[in-house]
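The values are calculated or read from the model by the stated rules, or taken from the named source; none is laboratory data. Quick caveat, the model's predicted, so the values are computed rather than measured. Because the Cβ atoms are built from the backbone with ideal geometry, glycine has one as well, and the counts that use them run over all protein chains shown.
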Amino acid sequence: MLLPILLLAAAGFTVLTTEFLIVGLLPGLARDLHVSVAQAGLLVSLFAFTVAVTGPLLTARVAAHIGPHTGPHTGPHARRRVFVVILVLTALSNALAAMAPNLGVLAIARLVPALGVAVFWSLACETAVAALGAARAGRALSIMAYGMVGATVFGIPLGTLIGDAFGWRTAFGVLAALALVKALLLTRLPPTAAPTPPLPFAAQLRLARQPAILGHVALSVLSFTGMFIAYTYLADFLERLGGLSGPTVGWTLMAFGAMGLVGNHFGGRLVDRSALRATLVFSGWLALSLALVAWAAPWTPALFAVLAVWGIAQSALFIVNNVRLMQAAPSAQALGSALNISGANAGIGIGAILGGRVIDGPGIAWIGVAAAVVVAGSAVLAWRLLGRPTAPAVNRRSRRDACDSPQASPPPRA
């Protein structure tokens with residue numbers, strides 16, 4: 001039963017790469033469409049805000065519609081159709097992006113796939129767990145994590161290399177073809193038993209309003225805002241301040257992604273001890289590297305050393321933030337993960353806007369410092385949250401444990 005999970009992980013790679021691909025294409029895209037890099041960066045905000053606002057609601061609505069039943073219009077058969085439809089829409093949207101004559105059309109092409117990101121990952125993780133059974137849920141989720149890590153670690157640099165060699169439109173075209181191929185493969189996905197329904201909607205709303213949960217959501221927003229003030233414009237930074245050529249930028253982003261694999265390893269180990277303390281550690285590393293990146297830009301060895309620390313810390317925080325919110329809501333871990341996804345995408349969108357303002361104002365040389373200040377603020381909030389209790393338990397617990405988490409096993413105790 002590993003094949004269905006591998007197919008879903010591969011499809012998830014395409015879905016998430018659709019979100020992050022544009023980061024490495026911003027300089028060339030902006031030149032071709034005759035807009036500023038800051039204006040093009042608003043496309044990152046559009047995608048992120050769409051996921052943040054619509055993701056949890058659409059996921060709940062789709063899950064409620066298909067239900068846990070096994071009829072032709074519900075259960076695993078309906079789930080398979082949902083996966084295929086999302087991938088087909090992703091393919092068509094990327095094809096439209098490849099042909100977009102202006103920024104407005106490109107914005108529409110980015111809006112449509114954003115509606116399916118949270119839905120796809122929520123249902124895909126549930127299906128993966130059902131395929132292997134609850135006793136092997138950790139293994140199922142660890143396989144799914146390859147799609148998530150691959151998208152964030154390698155999707156951007158691969159797109160950058162393709163865009164530099166053949167143009168940014170070709171990068172979107174390749175992604176459209178991949179999405180279509182994977183949609184066809186998923187039509188052969190064997191049906192599996194659907195999980196039981198999640199907590200009642202009203203119970204989840206009550207839990208989400210708890211002050212402890214709201215504090216952790218705010219921490220995710222702040223953390224991802226700091227990350228993406230600078231990360232959204234990393235390719236442009238490397239060209240303008242680092243003096244790197246197009247191909248070198250692509251390979252540098254690939255090396256940055258490789259450091260992300262190291263960060264995933266260390267993030268997974270430290271979060272087992274304390275998610276908030278891990279947040280403090282990696283936020284400190286990230287703030288330091290961001291503060292030094294402009295200083296290091298003229299000296300390539302120093303720049304690569306700073307980028308290595310940046311890549312490790314940022315990738316670790318992807319895991320730490322997700323698990324931290326799941327720990328904060330132990331009686332509804334899927335809700336905690338969904339709230340982290342919304343908070344993270346809100347931070348991504350805010351960060352892209354603020355980064356653009358910095359570029360248009362003080363200049364791109366200050367983008368690392370601005371990001372470092374916000375990341376340091378997230379560390380302060382994490383310190384304030386230390387020692388506070390988790391949210392109280394609710395009456396009935398969801399079995400969608402850690403569905404959206406990149407961890408290989410359910411999160412540890414707080």
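Miscellaneous remarks
- Exactly one residue among Ala287, Ala294, Ala308, Ala278 is assigned to a helix (DSSP H, G or I) and out of contact with any Gly (no Cβ under 9 Å at 6 or more places or on another chain), and that residue is Ala308.
- Some residue of segment 133-156 being at pLDDT 90 or above, surrounded by 16 or more Cβ atoms within 10 Å (Cβ to Cβ) and closer than 30 Å to Phe237 by Cβ: no
- Ala278 vs. criteria out of contact with any Ser or Thr (no Cβ under 8 Å at 6 or more places or on another chain) and in the same structural domain as Gly243 (by TED's automatic domain parsing): yes
- Residue selected from segment 247-275 under the condition in a helix (DSSP H, G or I) and among the polar types (S, T, N, Q), by the criterion nearest to Leu290 (Cα to Cα): Thr252
- Cβ-Cβ contacts under 8 Å between residues 6 or more apart (or on different chains), taken from a first residue in segment 160-174 that is surrounded by 24 or more Cβ atoms within 10 Å (Cβ to Cβ) and in a helix (DSSP H, G or I) to a second residue that is at pLDDT 90 or above and among the acidic types (Asp, Glu), are listed as Trp168/Asp32.
- All positions within segment 27-39 that are farther than 16 Å from Met99 by Cα and assigned to a helix (DSSP H, G or I): Pro27, Val37, Ala38, Gln39
- Hey, His65 modelled with pLDDT under 80 and not in a loop (DSSP other than H, G, I, E, B) or not: yes
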